[in-house]
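Here the structure comes first, spelled out in structure tokens, and everything after it is commentary.
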């Protein structure tokens, strides 16, 4: 390729890249760098920012509310992740059959996935309403006095977990189903002929071959889980009494209710660092259990 | 045979758990106020009434919010298609220095969550005078690294001979992009468009922060305010939820094949 043609190509590439690159730099990469800068400032958006070094981080280290929010985020993940993975896997295994109506069933499990978090959170807030909600009515029929759900500090986070698992189970199932359908049928048939039980086939063939999909969906769910916000904001507002307060909810509160943008940005950086470390750790650990062929 | 029955039984149980809440939402949205306030009343609406919907539309700028959501979702989708397709073409067909490094940079931005950059992004919009404007709502969503990645894969699946034949016929890179390649990646464009539209229609955090008056509020943010304003008027709240989900359900029913293909593609990425 001549030098002139290469130069021309670079010019053409610049034209084709400009729309996306300018937007990425201006509204994603720039603000990402900005978050670091703002996290070193004491700033209430009205006056001039003043550089305070690591003061915001030092304050975070001692902030009991922030620690509680971190803990609640981890508790959310501890409930959400195993449930959504196990139920998602179960649904995927059930859907993985050449039988009539499987597409219809898949579509039903996927309905909550395409709905908005806000609509789903409102729906579950109503379902789990201690005053006349359907779930407590159903529990009453079998003689159980239902808990106060999102109005009760102990039950607020489990309520959020329940709604989130219900919404995401179809997402996990469809990704795992794509992985299941890529597993060669003759492998499973051969094991069947050799007299391997269904459980044995699942453990020794299906799960190892499904591990890349399981890994992917675990990474995605963890990243999303750390950023949990919409359902908390709508269902509990972080309450009652801060019992279900999570990291992103604190970021929004400090930045846009209390006007402490430097402090909120320090929280953002801590959150980003946690997500990064957890994701990198998972990429490292995947060698132990993920099998690529 | 027993296995088959067990499979269908479990799937049906799961499907009821998925569909039941939606039906309950619909039933509540058709229940009148008198029945709502009577704890011993029947579960299903008796009589069926569209009163909650009427209240939703009259006491609440529902149509304004819906129009905002629709407009923003359409424009956001078109912008993302444009920025993603042009970048995907450059990355798959044009040779230039640093193209690999730049592509890695694009992929790396997929790791940046909106939640993390929300504060500086808001400050930036404030200094640009774009708080509470459509431009402010739209601009951060005008680009998608995921879209670039997805469409690049689609372009790379097309044989290079197509371009060369067009170049021999005297076409330039713009013509090749627009007339030769773009029409051939229709399914990938449709898949990505469905995703972009749904993401925009359902978006909550950024619209919550950037829209400050009813003039620019989108439906999810409006809905989240509905509960605060009407307190326990759950029939009105459920009417709002039902109305907000309906368009996306219609889109999903017609575009199911694209949605499922897109999700499967997401999985392949890993």
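No lab work stands behind these numbers, since they all come straight from the coordinates. Nothing here was measured: the structure is a model prediction, and the numbers come from that model. Neighbour counts are summed over all protein chains in view; Cβ atoms, including those assigned to glycine, are modelled from backbone coordinates with ideal geometry.
If you take the Cα centroid of the range B:221-258 and the Cα centroid of the range A:226-293, the two points sit 26 Å apart.
Look at where the Cα atoms of the range A:18-83 and of the range A:168-186 average out, and the two centres are 35 Å apart. To test your reading of the geometry: what angle, between 0 and 90 degrees and rounded to tens, separates the Cα axis of helix B:2-29 from the longest principal axis of chain B? So the helix axis and the longest Cα principal axis differ by about 70 degrees.
Could you list A:284, B:126, B:261 in order of exposure, starting from the residue whose Cβ has the fewest other Cβ atoms within 10 Å?
On the way: A:284 9, B:126 14, B:261 17.
Fewest-to-most Cβ neighbours within 10 Å comes out as A:284, B:126, B:261.
Ordered by the count of other Cβ atoms within 10 Å of each Cβ, fewest first, B:216, A:72, A:67 give A:67, B:216, A:72. Using Cα atoms only, what is the angle between the long axis of helix B:234-254 and the major principal axis of chain B, expressed in degrees (0 to 90) to the nearest 10? Relative to chain B, helix B:234-254 is tipped by roughly 30 degrees.
Note on chain B: GNM, Cα springs under 10 Å; of B:227, B:94, B:130, the largest mean-square fluctuation is that of B:94. Over chain B, Cα pairs under 8 Å with separation of 6+ residues give a relative contact order of 30 percent. Site pair residue B:70 and residue A:196 shows an inter-label distance of 5.4 nm when each label is modelled 7 Å from Cα along Cα→Cβ.
Given contacts defined as C-alpha pairs under 8 Å and at least six residues apart, what's the relative contact order of the range B:1-49, whole-number percent?
It rounds to 30 percent for the range B:1-49.
For residue B:162 and residue B:101 in one chain, what is 0.36 nm times their gap in residues minus the Cα-Cα distance, to one decimal in nm?
Stretched out fully, the residue B:162 to residue B:101 stretch lengthens by 19.3 nm.
Measuring nothing but how far apart in sequence close Cα pairs (under 8 Å, 6+ apart) lie, relative to its length, chain A scores a relative contact order of 28 percent.
Can you tell me the orientation of helix B:219-230 relative to chain B, as the angle in degrees between its alpha-carbon axis and the longest Cα principal axis, to the nearest 10? In chain B, helix B:219-230 runs at an angle near 20 degrees to the longest axis.
Springs join every pair of Cα atoms under 10 Å in this Gaussian network model of chain B, and among B:89, B:53, B:167 the largest mean-square fluctuation is at B:167.
At a 10 Å Cβ-Cβ cut-off, how would you order A:123, A:276, fewest neighbours first?
Details: A:123 26, A:276 12.
Result, fewest neighbours first: A:276, A:123.
Among B:243, B:34, B:188, the residue with the largest mean-square fluctuation in a Gaussian network model of chain B, with springs joining Cα atoms closer than 10 Å, is B:34. With viscosity 1.567 mPa s and temperature 4 °C, the Kirkwood radius over alpha carbon pairs of the range A:1-102 converts through Stokes-Einstein to a diffusion coefficient of 65 µm²/s.
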